[in-house]
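Please treat every number below as a calculation from the coordinates, not as lab data. These figures come from a predicted structure and were not determined experimentally. Cβ coordinates were reconstructed from backbone atoms using ideal geometry, including for glycine residues, and neighbour counts include every protein chain displayed.
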Amino acid sequence: MKRVCLIVMFSLLCVSFLIAGGNQEAESGAAEGQIVIKTMAYGNNSNPEGVNWVRIVKAFEEQNPGIKIDYELLYDEAYHQKVVARLASGDIPDLAYMGADARWGAPWKEAGQQFDHRDYIDSDFYDLGLIPPMGPKGEVFEIPLGTSNITTVLYMNEKLVASLGFSAPQTYEDIVAMVPAAKKAGLDVISIDGADGWAWNSCLMSMVAARLSGNPRWVSEAVQGKHRFNDPIFVDSLAFITRMIDDGVLSSKSVLVDYGANVSKFSNEQALFMIQGQWVAGEIPPEVADHTKLLAWPKLPGEKSETAGSVAAAIQVGYGLTKQGGSDPAVREAALKFLRYFYSVEESTQRLRDGLIVAPILKNYQVPEDLPSIMKSKVALAQTAMNTDVIDAYVSGNALEALNSGMQQIASGSATAEEIAAKVESLIQR
């Protein structure tokens, strides 16, 4: 009897094991024989990046049943936190949304997971001249979603500005001249998502530092030790925030406005101008987008001619293989096949229409004639403006946190430019 019971128990354990195994396979979503590409994707269920990612993956897998894209989809800080956590735990994806700078590339570099794609990029499909070198030896660590990512765009509601009797500003003083009329009409002159620390450095200060120094590489040179962040040039750049507040161009309450509220304010025509990056163009409703222009900032007080009309721009982020994914030939080839599908003319054009990129990096790409005017404005800006350093492409860690929060403090009047500049310089690592 005892022996029978043991046999029954063993049989039940076997059945349980088989069921558990079946459940694990169902959870992973992979069928037997499929090549699985573990992926970290960027976006969420309510923005174009996330919605399009889900759609593209589904269509690709239907056409390529032998490949499974096993992805985790996250957005904003949740993404960056999960990247660090997964790398630290050894749960390394094969393919991921990444960049080559301090914010988007540093975790992969520190984990030794950057993979040089140069030998695997199809030159008949991609325009190699539009993919910049990302490493000291010319390495390419990811395939950019598009050309340079302009971060310091001044969005102008052309119709609203004209309704107050003004036109596109040629100088900062032209913007100041709009303040009384804007206030009388109950409008903000310029809105910014000041509650987001990164917006101050990426979307404003990167432009100001280059303009006042006359050096498009001032930030990267400062990180190398050629300049200091408490030099008069950078102090003056930070002090420009105070000037904007004092002139009524920006509100000290901007530090309470987050990304969504900033875009909403401009989209609801409550502000003449908006500070943000080029990617916001696709989030502005058509009825406002039709009379929205993307501008480089007008001439600033004290700016140098060498960087007049410049915009800060970083290498566009994109998707790239990790060292782990690239080391497996089967995974590598499957991932490259997926990337070609992901970067197809149709999908790249959709990103252009959605405002997520400036222009595709595809070979012999033709811009559609029916492209919305706001997107054509963006392409024109990219083709004409000098590109300068973006601060958080070079400054990271405690120094960047001190700068971001410090600019918020300057805007709210609780710190001076000199104090923040000194703090950043004390924390910078060279």
Practice prompt. Count charges around S220 for me, please; just the other residues with Cβ under 13 Å from its Cβ, Lys/Arg as +1, Asp/Glu as -1.
Written response: -1
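Sum up the charges of everything whose Cβ sits under 13 Å from the Cβ of N149, counting Lys and Arg as +1 and Asp and Glu as -1, but leave N149 out. Provide the component values of the computation, followed by the final result.
Values: positive: R103, R351, K378; negative: D101, E142, D389, D392.
Once all neighbours under 13 Å are counted, the net charge is -1.
Over segment 228-351, what is the mean sequence separation of C-alpha contacts under 8 Å (at least six apart), divided by residue count, expressed as relative contact order in percent? Let's see the in-between values first.
Values: 35 pairs, mean separation 11.8, N = 124.
In percent, rounded to a whole number, it is 10.
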Item to complete: Would you mind counting up the charge near L371? Only other residues with Cβ under 13 Å from its Cβ, with Lys and Arg at +1 and Asp and Glu at -1.
Response: 0
Discussion item. Pick from T171, T242, T307 the residue whose mean-square fluctuation is largest in a GNM of the chain, springs joining Cα atoms under 10 Å.
Written reply: T171
Practice prompt. Normalising by the residue count of the chain, find the relative contact order in percent from Cα pairs under 8 Å and 6+ residues apart.
Written response: 25
Worksheet item: Among the DSSP beta bridges whose two residues both lie in the chain, what percent are antiparallel, rounded to the nearest 5?
Response: 55
Item to complete: Any chance you could check the Cα centroid distance between segment 183-213 and segment 318-387 for me, in angstrom?
Response: 28
Item to complete: Specify the longest stretch of the chain that does not include any exposed loop site, a site being one of the GluC sites (Glu not before Pro) with a non-H, G, I, E, B DSSP assignment and at most 14 other Cβ atoms within 10 Å.
Response: 140-368
Worksheet, complete the sentence: trypsin sites (Lys or Arg not before Pro) in segment 90-146 lying in a DSSP loop, each with at most 14 other Cβ atoms within 10 Å of its Cβ, come to K137
Worksheet, complete the sentence: By the Cα gyration tensor axes a ≥ b ≥ c (a/c under 1.5 gives rounded; else a/b larger than b/c gives prolate, otherwise oblate), the shape of the chain is prolate
Fill in: Filter on K82/K109; K58/K376; K183/K299; K265/K363; K159/K183; K58/K378 - keep pairs with C-alpha separation over 27 Å
K58/K376; K265/K363; K58/K378
Fill in: Within segment 267-285, backbone nitrogen closer than 15 Å to the virtual label 7 Å beyond the Cα of A181 toward Cβ
271-273
